[in-house]
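Below: the structure, in structure tokens.
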Amino acid sequence: MLEMFKPTWMVERAYEISPAALKRQGIRAVFSDLDNTLIAWNNPNGTPELRAWMEELHQAGIPLIVVSNNSRARIGKAVQKLDLPYVARSLKPLSFGITRARKKLGLATSEVVMVGDQLLTDVAAANHAHIRSILVKPLIETDKWVTRPNRFMEKFVMQDLQKQYPDMDWQEELK
Ligand SMILES: [Mg+2]
């Protein structure tokens, strides 16, 4: 049960994940959560670091696709400024959105990775879809109220994970 929430890697910020490291892992496309992973409600345009990372991925020929549980209307508005493709209503922690996006790209499970700030949705969805995952720290701590009970649960799950997998820790790069 617990291993359903275990991320493959833990990197504090999405933009610390280098295209070179992704390529070394055989990863050809990156799926990402939107809220608190790429953008925060107080900075909907994305930081300069995010934009630089998007450009790096683009140069490396690695597509970045938003996989979100939000509605098309909400995501469309949010990603308009970032100009990213997206999958709406992805039903995380279920695998549907990830698998749909992966099949659209014609890639194998080993060739995509899911990046997100929540174990209970993003990481669980990646594990259900049999792909690797990268947990990042939420961009800001003060969340929209809807995700607060989730955050509370996250803490407990993280504690259990770290007890069971003492090697699990934040790292600078994918290793
Ligand atoms: Mg999120």
Among the candidates I131, I140, residue that is open to solvent by less than 70 Å² (accessible area, probe 1.4 Å) and modelled with pLDDT under 95: I140
Residue hits (the stretch 22-37; open to solvent by 10 Å² or more (accessible area, probe 1.4 Å) and modelled with pLDDT of 95 or more) are K23, R24, Q25, G26, R28, D33
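Matching residues to (1) aromatic (F, W, Y); (2) out of contact with any Ser or Thr (no Cβ under 7 Å at 6 or more places or on another chain):
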site	(1), (2)
W53	yes, yes
P63	no, yes
V79	no, yes
P93	no, no
A108	no, yes
Within the stretch 150-171, how many residues are touching a helix residue (DSSP H, G or I) at 6+ places or on another chain (Cβ under 7 Å) and either of a type in the set (D, E) or within 20 Å of N36 (Cα to Cα) (or both)? 6
Right, L94: in a loop (DSSP other than H, G, I, E, B), at pLDDT 95 or above and buried (at least 16 other Cβ atoms within 10 Å of the Cβ) or not? no
Given the conditions (1) in a helix (DSSP H, G or I); (2) open to solvent by less than 40 Å² (accessible area, probe 1.4 Å), every one holds for L84 apart from (1)
Residue, nearest to the ligand (Cβ to nearest atom), within the stretch 97-127, restricted to residues that are closer than 25 Å to N43 by Cα and in a strand (DSSP E or B): G116
Could you please let me know if S90 is under 21 Å from V157 (Cβ atoms) and among the hydroxyl-bearing types (S, T, Y)? yes
Based on this model, can you work out whether R51 counts as part of a helix (DSSP H, G or I), more than 19 Å from I98 (Cα to Cα) and among the basic types (K, R)? yes
Could you list, in sequence order, all residues of the stretch 45-72 that are more than 16 Å from R132 (Cβ to Cβ) and either open to solvent by less than 20 Å² (accessible area, probe 1.4 Å) or within 14 Å of the ligand (Cβ to nearest atom) (or both)? G46, L50, W53, L57, V66, S68, N69, N70
Pair list, Cβ under 6 Å, 6 or more apart: the stretch 29-44 residue of a type in the set (G, A, S), other residue open to solvent by less than 10 Å² (accessible area, probe 1.4 Å) and part of a loop (DSSP other than H, G, I, E, B): S32/L38
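The values are calculated or read from the model by the stated rules, or taken from the named source; none is laboratory data. Everything numeric here is computed off the predicted structure, so don't read it as measured data. Neighbour counts run over all protein chains shown; Cβ positions are idealised from the backbone, glycine included. All accessible areas refer to the heavy atoms of the entire protein, side chains included, with ligands and DNA or RNA removed. Shrake-Rupley method; radii C 1.70, N 1.55, O 1.52, S 1.80 Å.
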